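A.B. asks: Structure below; questions to follow.
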Amino acid sequence: MIHKYKMNNYNIVLDVNSGSIHSVDDITYEILNSYKDVENETIITTLSKKYKKEEIEETIKEIEELESQGLLYSKDKGEEALDKIDRRNPVVKAICLHVAHDCNLKCMYCFAEEGEYGGKRELMTSETARKALDFLIKNSGKRVNLEVDFFGGEPLMNFDVVKDTVEYGKELMKKHNKNFRFTFTTNGVLLNDEVIKYANENMSNLVLSIDGRREVNDKVRKTINGKGSYDLIVPKFKKIAELRNQENYQVRGTFTRKNLDFSKDVLHLADLGFKQVSVEPVVSGEDTDYYLRMEDVPKINEEYEKLAIEMIKRKKEGREFNFFHFLIDLTGGVCMTKRIVGCGAGTEYLSVLPNGDLAPCHQFAGEHTFKMGSIYKGITKKEIRKEFESCNVYSKIECKKCWNKFYCSGGCSANAYQNNGNIKSIYEVGCELQKKRSECAIMLKVDEMVNI
Amino acid sequence: MKHIKTLNTAVLQNTIASGNCGECQTSCQSACKTSCTVANQVCESK
């Protein structure tokens with residue numbers, strides 16, 4: 001399977017199964033339109049009105065050569081990996097610790113419903129957090145790298161527990177020869193010099209939530225008093241980014257139907273000096289007025305493309321920044337197995353709620369039917385784990401035939417569930433956006449490599 | 001080649017045999033928390 005498209009004056013061809021990327025001229029692009037459907041003679045006859053016969057033949061030879069090298073029209077061997085995946089019995093390697101089901105902002109679109117996840121306001125105790133790390137160690141098998149994200153609500157509302165957990169984690173690391181990577185996701189309200197210093201010394205990555213332009217941010221990310229949060233958080237985020245040498249953090253925003261011109265928000269964050277920017281589509285059911293509809297896709301995709309082209313311009317001007325969804329590793333990246341199974345929710349990745357209950361991931365924390373067990377009793381509802389374990393790009397018909405499957409890994413299970421009530425389905429709007437983001441990311445690499 | 005510039009020759013299918021160590025980062029933890037993205041991830045196999 002190949003996928004070809006034109007963007008920013010490039011003709012780009014992706015060989016889906018090998019992951020090989022080719023930048024081709026017009027004649028190659030036209031030959032590939034029918035290369036697998038008709039005989040070479042027919043291609044030559046058809047295109048000879050436009051190109052010289054020798055040139056067409058020469059191009060066909062190049063295509064044939066790449067085909068013989070397995071870099072064009074290569075076979076889908078992904079299903080061969082399924083056996084290996086079935087036998088792997090995944091261990092837990094990452095947890096999302098919901099240390100605070102409470103929040104000091106009232107964001108309109110929050111899937112956590114202002115931190116409460118449809119339940120009560122609750123903070124995790126140190127005892128529970130420590131037991132959660134014990135659970136992780138116990139269930140991590142031989143994995144060395146383990147991840148713990150402090151999440152909420154707003155995790156800094158329970159900062160003492162965060163600190164205690166990190167200290168406990170350091171003890172466990174030595175004892176069990178593991179490597180914990182701690183991170184937290186914060187709205188910034190409670191960041192101060194002490195917290196910033198602590199975060200820079202102990203957190204391998206930080207996610208700093210801000211939606212972009214002041215008017216966009218303040219319309220949805222409001223304080224308890226109903227005021228906008230922009231002025232409160234921007235100076236702190238700037239400080240933290242600088243102190244981390246503009247690495248190992250993301251300023252992360254959400255765009256909704258209310259700001260479909262989100263490329264302006266991305267650029268605004270870049271203009272503020274942030275070098276690591278992520279602005280992502282809202283996750284929401286159809287019962288809100290801000291959820292993204294299929295009719296919004298052309299506008300959103302136009303924004304992605306506009307953003308990619310602007311990023312090239314800024315790079316040439318020495319004003320480079322990273323947009324998370326346009327980052328792509330074409331030289332290797334993760335293996336096929338990882339690309340087939342995706343995020344690992346419900347298997348390798350679990351959410352721990354304030355009372356120690358387990359959910360497949362943070363997006364399912366408020367869904368009581370997805371309660372899988374607890375850190376005390378382990379996974380008691382094994383059928384939920386089984387359901388997530390068997391969910392991969394080959395278990396969804398749409399994914400199987402999609403060119404983007406090895407970049408999106410079948411998409412987000414929570415998105416699929418929210419839109420279809422079934423994790424083994426696709427969220428069509430999300431798919432269209434993911435595809436466009438992959439095209440933009442690949443185009444940026446093409447531009448980088450062609451212009452070396 | 002005159003007509004085609006190949007940007008990468010790493011063959012993804014070859015990682016079926018070599019991969020699956022599981023040491024790589026959990027994709028949703030890295031930043032997004034809302035979308036599954038593996039394209040930018042790094043292989044941490046030793």
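The values are calculated or read from the model by the stated rules, or taken from the named source; none is laboratory data. What you see is a predicted model, and the numbers here were worked out from it, not measured in a lab. Using ideal geometry, Cβ is built from the backbone for each residue, glycine included, and neighbour counts are taken over all protein chains shown.
A.B. asks: Looking for whichever is in contact with a helix residue (DSSP H, G or I) (Cβ under 6 Å, 6 or more places away or on another chain) and more than 10 Å from chain B (Cβ to nearest Cβ) here; the options are A:Phe370, A:Phe388. Which one fits?
C.D. replies: Of A:Phe370, A:Phe388, the one residue that is in contact with a helix residue (DSSP H, G or I) (Cβ under 6 Å, 6 or more places away or on another chain) and more than 10 Å from chain B (Cβ to nearest Cβ) is A:Phe370.
A.B. asks: Residues that are within 22 Å of A:Cys335 (Cβ to Cβ), of a type outside the set (Ser, Thr, Tyr) and under 18 Å from the mean Cα position of the chain (by Cα): which helices (runs of 4 or more DSSP H) entirely in segment A:390-452 hold 2 or more of them?
C.D. replies: Where helices (runs of 4 or more DSSP H) fall fully within segment A:390-452 and carry at least 2 residues being within 22 Å of A:Cys335 (Cβ to Cβ), of a type outside the set (Ser, Thr, Tyr) and under 18 Å from the mean Cα position of the chain (by Cα), they are A:405-408, A:428-450.
A.B. asks: Just checking, which of A:Leu71, A:Leu97, A:Leu32, A:Leu66 is assigned to a helix (DSSP H, G or I), in contact (Cβ under 8 Å) with a residue 40 or more places away in the chain and surrounded by 13 or more Cβ atoms within 10 Å (Cβ to Cβ)?
C.D. replies: One residue alone meets the criteria, A:Leu66.
A.B. asks: How many residues are buried (at least 18 other Cβ atoms within 10 Å of the Cβ) and touching a helix residue (DSSP H, G or I) at 6+ places or on another chain (Cβ under 7 Å) if we restrict to segment A:306-326?
C.D. replies: 7
A.B. asks: Here are the criteria: (1) at pLDDT below 90; (2) under 30 Å from A:His3 (Cα atoms). Tell me which single one A:Glu58 does not satisfy.
C.D. replies: Only one criterion is unmet by A:Glu58, namely (1).
A.B. asks: Working only within segment A:297-356, note down all residues that are among the small types (Gly, Ala, Ser) and in contact with a His (Cβ under 7 Å, 6 or more places away or on another chain).
C.D. replies: A:Ser351
A.B. asks: Exactly one of (1) touching a residue at least 12 places away in the same chain (Cβ under 8 Å); (2) not in a loop (DSSP other than H, G, I, E, B) is unmet by A:Gly285. Its number?
C.D. replies: (2)
A.B. asks: Here's something else I'd like to know. Taking the residues in segment A:373-389 that are aliphatic (A, V, I, L, M) and outside any helix (DSSP H, G or I) as candidates, determine which candidate is farthest from A:Val13 (Cα to Cα).
C.D. replies: Of everything passing the filter in segment A:373-389, A:Ile375 is farthest from A:Val13 (Cα to Cα).
A.B. asks: Right, next: Taking only segment A:256-274 into account, find how many residues are more than 14 Å from chain B (Cβ to nearest Cβ) and either assigned to a helix (DSSP H, G or I) or of a type in the set (A, V, I, L, M) (or both).
C.D. replies: 12
A.B. asks: Okay, moving on. For segment A:296-303, does any single residue satisfy the condition of being in a loop (DSSP other than H, G, I, E, B) and more than 19 Å from A:Met7 (Cβ to Cβ)?
C.D. replies: no
A.B. asks: Of all residues in segment A:76-94, count the ones that are within 8 Å of chain B (Cβ to nearest Cβ) and either in contact with a Pro (Cβ under 8 Å, 6 or more places away or on another chain) or assigned to a loop (DSSP other than H, G, I, E, B) (or both).
C.D. replies: 5
A.B. asks: Please go through segment A:160-219 and pick out each residue that is part of a helix (DSSP H, G or I) and of a type in the set (Asp, Glu).
C.D. replies: If the condition is that a residue be part of a helix (DSSP H, G or I) and of a type in the set (Asp, Glu), then A:Asp160, A:Asp164, A:Glu167, A:Glu171, A:Asp193, A:Glu194, A:Glu201, A:Glu215, A:Asp218 are the ones that fit.
A.B. asks: Let me ask another. Taking A:Val277 and the conditions (1) within 14 Å of another protein chain (Cβ to nearest Cβ); (2) assigned to a helix (DSSP H, G or I), which numbered condition does it fall short on, given that it satisfies the others?
C.D. replies: (2)
A.B. asks: Take A:Leu206 and tell me if it is without any contact (Cβ under 8 Å) to a residue 60 or more places away in the chain and more than 25 Å from A:Glu348 (Cβ to Cβ).
C.D. replies: Here the answer is no, as A:Leu206 does not meet what is asked.
A.B. asks: Looking at A:Glu383, A:Glu317 in this structure, which one is closer than 29 Å to A:Lys436 by Cβ and more than 14 Å from chain B (Cβ to nearest Cβ)?
C.D. replies: Criteria check complete, one pass: A:Glu317.
A.B. asks: Is there any pair with a first residue in segment A:77-93 that is surrounded by 13 or more Cβ atoms within 10 Å (Cβ to Cβ) and among the basic types (Lys, Arg) and a second that is modelled with pLDDT of 80 or more and in a helix (DSSP H, G or I) whose Cβ atoms are under 7 Å apart and which are 6 or more apart or on different chains, and what are they?
C.D. replies: As it stands, the answer is A:Lys77/B:Gln13; A:Lys77/B:Ile16; A:Lys84/A:Thr337, since those pairs meet every condition given.
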